[in-house]
1. Starting with the highest mean, order 153-160, 595-602, 223-230 by the number of other Cβ atoms within 10 Å, averaged over the residues of each peptide.
2. Considering only protein heavy atoms, what per residue accessible area in square angstrom results for segment 221-290 with a 1.4 angstrom probe?
3. Set the Förster distance to 30 Å, then compute FRET efficiency between PHE710 and ALA658 from the Cβ-Cβ distance, nearest 0.05.
4. How far, in degrees from 0 to 90, does helix 300-310 lean away from the longest principal axis of the Cα atoms of the chain, to the nearest 10?
5. Starting from the 7 Å offset along Cα-to-Cβ, what nm value, one decimal, do you get for the label separation of PHE224 and ASP299?
6. Taking amide H atoms as placed 1.01 Å from N in the peptide plane, list the residues 5 or more away in sequence, or in a different chain, whose amide H sits under 5 Å from that of HIS609.
7. Once amide H atoms are placed 1.01 Å from N in the peptide plane, what residues at a sequence separation of 5 or more from GLY147, or on another chain, have their amide H within under 5 Å of its amide H?
8. At a Förster radius of 22 Å, what calculated FRET efficiency corresponds to the Cβ-Cβ distance of SER35 and GLU72, to the nearest 0.05?
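The values are calculated or read from the model by the stated rules, or taken from the named source; none is laboratory data. Given the structure is predicted, the values throughout are model-derived calculations rather than measurements. In this analysis, Cβ positions are derived from the backbone assuming ideal geometry, glycine residues included, and neighbour counts consider all displayed protein chains. These area figures cover heavy atoms from the full protein model, side chains too; ligands, DNA and RNA do not enter into them. Shrake-Rupley method; radii C 1.70, N 1.55, O 1.52, S 1.80 Å.
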Amino acid sequence: MKHIPHIFLCLILLLAFSACTSKSPMDRYIDDLMSRMTLEQKIGQLNLHSAPGFISAERVMDNDENAKLLREGLLGGIYGSSNPALMRQYQDIALQSGAGIPLIFGMDVIHGHQTVFPIPLGLATSWNMELIEKTARVAAREATACGINWVFSPMVDICRDARWGRIAEGAGEDPYLGGEIAKAMVYGYQGRDEVFDVDEVMACVKHYALYGGAEAGRDYNSVFLSRQEAMNGYMNPYKAACEAGAGSYMSSFNEFEGIPASMNEWLMDDVLRKGWGFDGFIVSDATAILEETAHGIGDLQEVSARSLQAGLDMDMNSDGYVGTLKKSLEEGRITKADIDRACRRILEAKYRLGLFDNPYRYFSEERYASEVFTLENRSFARKVAQECQVLLKNDGTLPLRKGAKIAVVGPLAKDAAAMAGTWATSSHNDESVTLWQGISEVTPASYAEGSWLYGDAAIEDAVRYGLIRMFAPGVPIPPVHERPQKLLVAEAVMKAITADVVVACVGEIAGMNGEGASRSDITIPDSQIELLKAVKATGKPLVVVLVTGRPLVLTDIEPLADAILTVWSPGIEGGHAVADVLFGDANPSAKLTTSFPRSVGQLPLYYNHKNTGRPHPDDVPYRKFTSCYIDELNGPLYPFGYGLSYTTFSYSDVSLSADEMPHGGHVTASVTVTNTGYRDGMETVQLYIHAIHSTSTRPVKELKGFRKVFIPAGQSVSVDFQLDEETLSYYNHELQWACENGDYEILIGPDSRDTQMVRISVQ
Ligand code: BGC
């Protein structure tokens, strides 16, 4: 010390002092807290359990087990309960045990909480970011009144293969649109500033990453993508959510590059944290750490250690961290710093949520009574659902005349749960307005069930009652197919004969999509097609109302239908909103965010595919030595971006403010859109780009902008898009985000198939 001149000593002391004082209040608080925590308590913070009875994987927790762990200070959070009394009780125990750290309460609030909105795939088809943000806002208000402060949403996995049941939970196949929706959802949940108000929740972006690339659309399956394709085709929504300030991420079940995502350092550390600057915490998906043993990586201790070191902070329902990390530390397999790092990130989230100030701040009986499942929220849900119905075909049968006699047929007509759809954890699902109810409130209507859901009773039983059979074996289950299919069809035909129009409600019940619900055949089941053929044979106009959680192959039924309206699972007010569209009180404006294939053999099918060296047009039949099928066209039945209205729009005067753009500059692309029909309507104008030459291959079209505009009948609007380097950039072969010199096509139109082109050159 005596060799150090005084001036340096002062400097060192000053630096040390300012390092202390420059720490944020949060850092100081957590430093102090962690200095008082035992190793076990720190590991306890990394442990997340589900509430008793909550089912999202085969491992179901019970109350005693949770309470015991809580008393030992070995739980950092609970998820899957919307029962405020139970959560308060858990919070009481947490505060009285261990280091007295409050629990975080998570929940799968996916498309609304008690007020259920259309499933995410349906919401996306609105292309209305303000609307989507507001659904998340309402969900946050309702969830927080029940004590929930952390939601496992948005689900932003891009999916190109409709066999995957979880396509229902995301925004579809496009990474740009998916990114815009991810941002809207995060803003809706968390607000736009850093502070969490009492009616805002922390978002958990999932499933990180690339889960939607599951091979052959089979859930939980491996993902085989290059890093470049992953970055260009799939990662943007995860990145956009990070830019919007998402507080947490959930790792996914799949492997990527031979490493399960929940222990994939490249994904979690290199890309998410170092690349995008994410500073929140990452939780595993349910039992994902345990599942790494089945991936063949090692025993629970090995996979837990590797997951922690790769950057996974919290273990959901595997008990891998709480059960093995201490041992791994003693054996030198991991370090104390690994545990501290993860623990700190979780404590930071709790601090940001204000839980250290008031662990009960998200419980509010008053708000519960006045803000949850209100008439106002329900009427908003109806408005939202009106904007999420895609009119795929209409020969003029729609809108229906009020007063017309309607035969409502089909196994989905009275299914309330199908309105709520997958991941609707609300206790009000049975109160969802059915299609029958919505239609029969407007006009004289008759009803017939019309057909079995599935011809195969075993499949029908599995999709209806599979969960009950697995988890509640004693509960009595009614037999499916109690009445013969022929009789059901005959009844529907009788109703059709005496009606003016037939509305057939067909498609998928909630159990046919979502998690663990992949299908190898995504047509409408044969039993329902038999119904459609029979009612069509009566000669009455046939409107197909398609309830579904995924794009379906409609090739067989398209010729039978005079109109097809895809309503997805439209939520709590579904029946009303569908009737609003059917009878013309609302003009449909939704557009597809996934391609509807012509046949399953085309899958994966997506508009933003690459060209081959032997390209083949979408709508031209087989030709040898080109990239096509002998027995099917290449193109979809209905393309990405497609959807009709009760009015019509024409596009003209596509132009650019300049046909050259210097690097760092910008150019405006413009189009005139005219409402050429007799009704006011909303139109989503879409802008795509195509790089004519680039240093590595790029898609034939890439969505880079869209505007949803209201256009009164007979009027025109001019729609502008600003183009800059960002619009034209992509991840090149070195994974650099680059706007390369060369020519680009700028394509504007009502969907991805029907576009008008201008060219721009970047030098
Ligand atoms: C699902 C997640 C969900 C979690 C918790 C998992 O099975 O993959 O999406 O958030 O369970 O319920």
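1. Order by mean packing, descending: 153-160, 595-602, 223-230.
2. Details: 1890 Å² over 70 residues.
About 27 Å² of surface per residue is accessible.
3. Working: r = 29 Å, r/R0 = 0.98.
Efficiency, rounded to the nearest 0.05: 0.55.
4. Relative to the chain, helix 300-310 is tipped by roughly 90 degrees.
5. 3.3 nm
6. VAL700, LYS701
7. Correct list: SER364.
8. After rounding, the FRET efficiency stands at 0.60.
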